[in-house]
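A.B. asks: Could you have a look at this structure, given as structure tokens, before my questions?
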Amino acid sequence: MKETGDQQLLTASVDAQRAAADATPPGHCRKAERLSGLAFALVALNEQTRDAATLDDAIRTARAAVAVATPGHAHWLSCLYGLAYGLFRRGEMRQILVDFDEAATLARNVADATHEGDDRWAMRQAFKAQASCYLPNPWKLRKAVQDMAMAASRLRRDDPDWALSASNRGALSSVCRSKIGSAL
């Protein structure tokens with residue numbers, strides 16, 4: 001595969017963030033933050049390369065970040081979100097239901113713990129809804145549509161995430177209707 005400028009930048013970001021995480025001693029207050037940053041960079045690199053080993057590394061790194069960021073830590077929810085997103089991507093790549101299930105559980109925990117005034121609230125609600133769609137349960141699918149509608153209703157139209165959220169809501173509604181009928 002010929003490397004593009006974006007891939008070179010992502011690889012450089014992974015290298016720099018790995019060096020920072022490796023240089024941060026255990027117990028340091030920024031260890032979780034640096035591991036989480038590395039996990040997100042690895043997921044971004046995987047999205048460019050589609051390399052499964054990179055995604056597995058991202059999930060291992062995200063689990064390490066969660067392990068050092070106890071509840072109440074400033075980066076606890078971000079670490080959980082990173083792990084959920086990595087598992088979700090791997091579920092998509094490999095069609096592994098257990099990854100979707102864990103991703104949906106983590107996404108729900110993150111979304112439910114995020115206060116409505118937080119800038120990330122709508123994005124986290126939308127991801128919770130998206131992750132729930134992959135679970136073959138009509139109740140969860142209906143709940144996903146409700147969560148997505150609530151998230152979309154709270155985003156301002158000038159928010160950069162509005163178009164993505166509206167598009168995802170439409171796609172989500174279509175998929176849910178096809179899976180569980182018009183009972184939505």
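Every number in this text was worked out from the coordinates using simple rules, so none of it is lab data. These figures come from a predicted structure and were not determined experimentally. We place every Cβ from the backbone using ideal geometry, glycine too, and count neighbours over all the protein chains shown.
A.B. asks: If you average the C-alpha positions of segment 113-127 and of segment 20-86 separately, how far apart do those two centres end up, in angstrom?
C.D. replies: 20 Å
A.B. asks: Magnitude of the Cβ-charge dipole of segment 6-47, K/R +1 and D/E -1, about the Cα centre, nearest 20 debye? Can you show the working numbers first?
C.D. replies: Numbers: 4 positive and 5 negative charges, 49 e Å.
Once rounded to the nearest 20, the dipole reads 240 debye.
A.B. asks: Something else: If exposed means no more than 12 neighbouring beta carbons inside 10 Å and the site is in a DSSP loop, what's the longest run of the chain without any exposed trypsin sites (Lys or Arg not before Pro)? Before the final figure, lay out the partial values.
C.D. replies: Numbers: sites that count: 2, 50, 156, 157.
Longest gap between qualifying sites, sites excluded: 51-155.
A.B. asks: Related question: So what is the 222 nm mean residue ellipticity for the chain from helices alone, if each DSSP H run of at least 4 adds -39500 (n - 2.57) and you divide by all residues, rounding to the nearest 500 deg cm²/dmol?
C.D. replies: Values: 8 runs with 140 residues, N = 184.
After summing the helix terms and dividing by the residues of the chain, the value is -25500 deg cm²/dmol.
A.B. asks: Roughly how many debye, to the nearest 20, is the charge dipole of the chain about its Cα centre, given +1 on each Lys and Arg Cβ, -1 on each Asp and Glu Cβ, and no other charges? Provide the component values of the computation, followed by the final result.
C.D. replies: Numbers: 24 positive and 21 negative charges, 116 e Å.
Rounded to the nearest 20 debye, it is 560 debye.
A.B. asks: Could I ask something else about it? Sequence gap at least 6, Cα distance under 8 Å: using those rules, report the relative contact order of the chain to the nearest whole percent.
C.D. replies: Numbers: 217 pairs, mean separation 22.6, N = 184.
Value for the chain: 12 percent.
A.B. asks: Convert each backbone phi in segment 68-79 into a coupling constant with the Karplus relation 6.51 cos²θ - 1.76 cosθ + 1.60 (shift: θ = phi - 60°), then list the ³J(HN,Hα) values in order as whole Hz, x for Gly and Pro.
C.D. replies: Residue by residue, segment 68-79 yields 9, 9, 6, x, x, 5, 4, 10, 3, 5, 5, 5 Hz.
A.B. asks: Calculate how steeply helix 121-133 sits against the longest principal axis of the alpha-carbon atoms of the chain, using the helix alpha-carbon long axis, and give the answer as 0 to 90 degrees to the nearest 10.
C.D. replies: For helix 121-133, the angle is close to 70 degrees.
A.B. asks: Which Cα, out of 162, 66, 52, lies furthest along the positive dipole direction of the chain (beta carbon charges, K/R +1, D/E -1)?
C.D. replies: 162
A.B. asks: By the gyration tensor of its Cα atoms, with a ≥ b ≥ c the square roots of the eigenvalues, what is the shape of the chain: rounded for a/c under 1.5, prolate for a/b over b/c, or oblate?
C.D. replies: The shape class here is prolate.
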